[in-house]
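*Asks:* This is the structure I want to talk about, given as C-alpha cells.
The values are calculated or read from the model by the stated rules, or taken from the named source; none is laboratory data. Being a predicted model, the structure only gives us computed values, none of them experimental. Ideal geometry is used to build each Cβ from the backbone, glycine not excepted, and the neighbour counts take in all protein chains shown. Each accessible area value is taken on the protein alone, full model and side chains, heavy atoms only, with ligands, DNA and RNA left out. Shrake-Rupley method; radii C 1.70, N 1.55, O 1.52, S 1.80 Å.
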Amino acid sequence: MKIRVINFLTLFFLLGLTGCAELFQEKVPMSNIPNGTLTGLLYEEAIITELQTPSQLFVSQNMSPSDINITWSSVEGAVSYRLEKAVVSPDPNGLYIEPDESMFEVLELSVYGTSYVDVILDSADSYSQEYNNRYYYRVSAENSRQKYGSSPYTESQYGTLFASPKNVTASLGESTNSITVKWNEVKGANKYEIYRTKDSTGTGAVHIATVTSDRLQFEDSIDKNNQGVEFYYSVFARNRHGTLSAQSSLALGYALVEGAPQQPQNMRVVKGRGTTVDKISLEWDAVQSTGEVKYYVFRTSSSDSAFKLLTTTTSTTFDDTVSLKENVYYYYQVQASVIDNLGVELKSKFSASGPTDENPAEGFILSPPSLIIAEKNKNSGDTIRWWPAIGSEQERTSYVYEIYGSSTIDFEVSELITSASATEVDAEGYHTITLNTNQNAAYYKIKTRNSEGLQSNFSEITAPSPFPAEFVYATIHEKLDSEYMVANSSGVYPVKITWAKPKDDNPASYHVYRSTKKDSGYRKITENPVTGFSFVDIDDTTKAGKIYYYKVLSLNALQQGSMYSEYVIGYGALTPDQYMREFNKTMKASHKKLTLMHKSNDMDKLGQETIYGSISGSCKYHAKIAGAGADITMRYENFAEFYIDNDSTKGVYFNVTGNTDTSANMSANGSMSGTMVCKGMYPGKVYYDNIEIKGGSAGGGTYGIEPEGFTRSEVSWTIGEE
C-alpha cells in the first residue's frame, strides 16, 4: 500500500502543474463567474483596464468677458485629464457647425484636477471677434503612471464669453431736454450699467443709471446748462454672478440747444458703393446761415457703431480715405456748426443719414467675397463656393466674379481660370461654380469686377481639402522593423499605419487619428503633419487585448482637411512574457471549471471529465496512475472563454487547441509536454516541452512562445504564475 499512497501524493502535486498556481487555492464557485468575459475571470478583484468617461461636464456660458470655466466630475483611478478645444465661428448666415475631430486641438495635455480656466482674451475689447465664437471642449481621463487606457472623450459642450452691449447709440439732438441711449440685448445679462463722460476717449466716466435686463434703453435728462454739450455714453452688462462685461463702444449724444443751425439735409454717397477701391465720396446740402457754417463729418460702420470724426470743413463735399476696409459698410452723418454773437459754438442736429434712418448715407469699397470655399469632386473639376460681395441686391447682381488659380501657396504666379456672373445663390446663400477637370488648381482666389470693369483686390486664399488617403493599413500583432520593436510598459509593441496618396490628388501632408471606438472619440496622435506615407504609433498607454481604430486625414498646404480615410483596425504584437500572461487567462479559466482536481479526497482526483468553453470547444481531463508515478492529460479542442474587449462583435480573444500533459515519478519529479495552437486576436503557439517538475510542482525550465510571424522565444516558468 505504501507505493500506492506515494502515487496518490504524486498525483496531488501534479494537479498543480498545468501552468497555473491557483489550482492550490480554494475552490471557486463556477456559478458566480460570468461566461465569456475577461472580467468574469477576475471578478474577485476590480481591475481597471480603461478609465471611465468623466461625467457632469460643465462649460460656462456668458459668465466672464475674458475666460471660460470648464469643470467635470472626477474619475476613479485617473491622475490627470486631457482637455481639448475646438473654436467655431459663425458662418455668414450666423449659423454654427458642430465640430468634428479634426477641429479639436489639445488645450492642456495634463490637468491635475477637475477644473480649468481657459483665458480667451487677455484684454477684453467690446468688438473682439472672440465674442461671436463658440468654444467647444471635451475631456478624457488618463493615468500615465499606471498606464491605464485613456477614457473615451466626453460629449463636447460649448461655452461663450459674456459680451458687452452692441450697437450702443445716443440721440443726436432729437430733444432739448433729454438724450436717449439704446443698445442691443446681451445674453446672460440681468442688469445694465450706464456711464457718461464729456471726454471723447471715455475717461472720467461717471455712473448715471442701472436698469434691469428687460430694458434696452435709458433716457438721460439734460438741464438747460448742458444743452448742446456732447456726452459720450458707455454701457456695461452685468450677469447674475455680478460680473461686468467689457465696456461697450462709446456713443456720442447731445441735447439740442436753442439757436442751433438747421439739421443738414440730403447727406449722400455720390461715389463709393462698390465703385471705388480706396475712397468714398460724400456730398450734402448747404445749411443756410448769416454766418459761416462749419461741418463735422462723422462715420460709423457695420463693424463699429462708435462715431469717428473724419474732418471739420466748410465745404459740402468730402472724400473719405481713412483706413477703409473691405467687406465693411460705412455710414456717414454730418453736423452743422455756427458761432453766435457771444462767441459760443452752436451745433445742429445730426443729419438723418445713419444706419437706422430711412435714407442712410451708406458706402463701401468694392470688395472680394468675404468667404471662399473649394471642394474636390471625384468625377469632375473642383467646386468653388463663395459668399456674395457686399452691396445692394441690384449692385450684387451686376458683379462678375473672376476665379484665379495658382500652383503655389504664395500666389506669385496666377492665372484667370474663369469668370462667373452673379447668378442665383444656393439654399445657404452661396454662389457656386464647378470647374472643368483641366481647370483645377492647387489654390484659388477670387476678385469681384463691377459693371464699370473695376476690379477688387484678391480674396483670401483657399485650397480644396484633398481626397482621403487610400490603401490605409494598420499592423495587427505584427513584427515591425527592429528600431520600433520596443515594447511599452504593458508589453505591447507599437502599431505602424501606412497609406498611399489618393489617386489623382497630391495632399501636402497627413494627420493620423486613433480611437477605441470605430465611430467616435478619435484623437489626433500626430503632433505635426506627416509628409510621408507611414506613422508608427508609439504609446505607453496601449494595452494587450485592446483593439484600436485608425483614420488618416489628408491635408492641403494650408493644413486644412475634411476628408478622412475609412477606419482600419490595428493593435500591437505582444512581448513573449505578455503573450504568456494573456494566453494563460484562458488556461486559468479552464482550470476553474474542472471539478475532479478540486476534490478533497486523493482517490477522487483520479478519473476523466470534459468541460466546455463559454464560447466554444472543450477540454478533456484524464488523471491516472502510471507505474510508480502519475500522468495527467489535458486535451483542448477549439476552446475559447473570452471575447476581445468583452465584445462578441470583435471576435474571440484566444481559441486554443492542443495538449498540456504532465508526468512524474513517485518522487514527484518529471516534466510537461504538449503544444497549444492559438487562434483569435493573437495567433501563435505555446510549447510546454521545456517545463521541469520538481518536488511535485513546476520548478524550472521555460515555456516556448511563438507568436505568428515571430521565432520561438523562451519565457521563464514563473511567468503566468504571478
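*Asks:* In segment 603-650, what residues are at pLDDT 95 or above, β-branched (Val, Ile, Thr) and assigned to a strand (DSSP E or B)?
*Replies:* Scanning segment 603-650 gives 610, 611.
*Asks:* Further, regarding this structure: From 708, 714, 609, which residue is acidic (Asp, Glu), open to solvent by less than 50 Å² (accessible area, probe 1.4 Å) and in contact (Cβ under 8 Å) with a residue 12 or more places away in the chain?
*Replies:* Values: 708 fails: open to solvent by less than 50 Å² (accessible area, probe 1.4 Å); 714 fails: open to solvent by less than 50 Å² (accessible area, probe 1.4 Å).
From the options 708, 714, 609, the qualifying one is 609.
*Asks:* Then there's this: Would you mention how many residues in segment 408-439 are out of contact with any Lys or Arg (no Cβ under 9 Å at 6 or more places or on another chain) and assigned to a loop (DSSP other than H, G, I, E, B)?
*Replies:* 12
*Asks:* Does segment 313-339 hold any residues that are open to solvent by less than 50 Å² (accessible area, probe 1.4 Å) and either assigned to a strand (DSSP E or B) or of a type in the set (Asp, Glu) (or both), and which are they?
*Replies:* 313, 318, 320, 330, 331, 332, 333, 334, 335, 336, 337, 338
*Asks:* Okay, next question. Report, by residue number, each residue of segment 684-697 that is open to solvent by 20 Å² or more (accessible area, probe 1.4 Å) and either within 44 Å of the chain's Cα centre (by Cα) or not basic (Lys, Arg) (or both).
*Replies:* Within segment 684-697, 685, 687, 689, 690, 692, 695, 697 qualify.
*Asks:* Can you name the condition, by its number, that residue 282 falls short on among (1) open to solvent by less than 30 Å² (accessible area, probe 1.4 Å); (2) in a loop (DSSP other than H, G, I, E, B)?
*Replies:* The one condition residue 282 does not meet is (2).
*Asks:* Continuing with this model, one more query. Got a number for residues in segment 138-174 being of a type in the set (Gly, Ala, Ser) and either open to solvent by 30 Å² or more (accessible area, probe 1.4 Å) or not in a loop (DSSP other than H, G, I, E, B) (or both)?
*Replies:* Within segment 138-174, the first condition is being of a type in the set (Gly, Ala, Ser), and the residues that meet it are 140-141, 144, 149-151, 156, 159, 163-164, 170-171, 173.
With either open to solvent by 30 Å² or more (accessible area, probe 1.4 Å) or not in a loop (DSSP other than H, G, I, E, B) (or both) added as a condition, the list becomes 140-141, 144, 149, 156, 159, 170.
Of the residues in that region, 7 qualify.
*Asks:* Among the polar types (S, T, N, Q), more than 30 Å from residue 651 (Cα to Cα) and in contact with an Asp or Glu (Cβ under 6 Å, 6 or more places away or on another chain), is that true of residue 462? Talk me through it step by step, then tell me what you get.
*Replies:* Details: among the polar types (S, T, N, Q): yes; more than 30 Å from residue 651 (Cα to Cα): yes; in contact with an Asp or Glu (Cβ under 6 Å, 6 or more places away or on another chain): no.
Considered against the rule, which asks whether it is among the polar types (S, T, N, Q), more than 30 Å from residue 651 (Cα to Cα) and in contact with an Asp or Glu (Cβ under 6 Å, 6 or more places away or on another chain), residue 462 comes out as no.
*Asks:* Of everything in segment 340-363, what is in contact with a Gly (Cβ under 9 Å, 6 or more places away or on another chain), buried (at least 16 other Cβ atoms within 10 Å of the Cβ) and under 16 Å from residue 293 (Cα atoms)? Give them in sequence order.
*Replies:* Matches in segment 340-363: 346, 347, 348, 349, 350.
*Asks:* Within 20 Å of residue 51 (Cα to Cα), open to solvent by less than 30 Å² (accessible area, probe 1.4 Å) and out of contact with any Cys (no Cβ under 9 Å at 6 or more places or on another chain): is that true of residue 573 in this structure?
*Replies:* Judged against the criteria, residue 573 is not a match.
So that you can scan it fast, the table gives a plain yes or no per residue for (1) over 25 Å from the mean Cα position of the chain (by Cα); (2) hydrophobic (A, V, I, L, M, F, W, C):
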site	(1), (2)
482	yes, no
487	yes, yes
493	yes, no
520	no, no
543	no, no
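*Asks:* Take the residues of segment 620-670 that are of a type in the set (D, E, K, R) and under 56 Å from the mean Cα position of the chain (by Cα): which is surrounded by the most Cβ atoms within 10 Å (Cβ to Cβ)?
*Replies:* The residue in question is 641.
*Asks:* Condition check: at pLDDT below 95 and hydroxyl-bearing (Ser, Thr, Tyr). Does residue 176 satisfy that?
*Replies:* Against the criterion (at pLDDT below 95 and hydroxyl-bearing (Ser, Thr, Tyr)), residue 176 qualifies.
*Asks:* Related question: For segment 223-271, please list each of the strands (runs of 3 or more DSSP E) lying entirely inside it that holds at least 3 residues being at pLDDT 95 or above and either open to solvent by 40 Å² or more (accessible area, probe 1.4 Å) or of a type in the set (Asp, Glu) (or both).
*Replies:* 268-271
*Asks:* Continuing with the same structure: Working carefully through the options 189, 141, find the one that is touching a strand residue (DSSP E or B) at 6+ places or on another chain (Cβ under 7 Å) and more than 24 Å from residue 115 (Cβ to Cβ).
*Replies:* Result of the check over 189, 141: 189.
*Asks:* Now, a different point. May I ask you to say which residue of 121, 95 is over 25 Å from residue 540 (Cα atoms), open to solvent by 50 Å² or more (accessible area, probe 1.4 Å), in a loop (DSSP other than H, G, I, E, B) and among the aliphatic types (A, V, I, L, M)?
*Replies:* So the residue among 121, 95 that is over 25 Å from residue 540 (Cα atoms), open to solvent by 50 Å² or more (accessible area, probe 1.4 Å), in a loop (DSSP other than H, G, I, E, B) and among the aliphatic types (A, V, I, L, M) is 95.
*Asks:* Let me ask another. Go through segment 175-200 and report how many residues are farther than 22 Å from residue 243 by Cβ, polar (S, T, N, Q) and without any contact (Cβ under 8 Å) to a residue 40 or more places away in the chain.
*Replies:* 1
*Asks:* Looking only at segment 175-191, count every residue that is open to solvent by less than 50 Å² (accessible area, probe 1.4 Å) and not in a loop (DSSP other than H, G, I, E, B) and tell me the total. Spell out how you get there, then give the answer.
*Replies:* Here is the first cut: in segment 175-191, the residues open to solvent by less than 50 Å² (accessible area, probe 1.4 Å) are 175, 178-181, 183, 186, 188-189.
Cutting the leftovers down to not in a loop (DSSP other than H, G, I, E, B) gives us 178-181, 189.
So the count comes out to 5.
*Asks:* Take the residues of segment 299-310 that are closer than 12 Å to residue 335 by Cβ and part of a strand (DSSP E or B): which is least open to solvent (accessible area, probe 1.4 Å)?
*Replies:* Per the criteria, the residue is 310.
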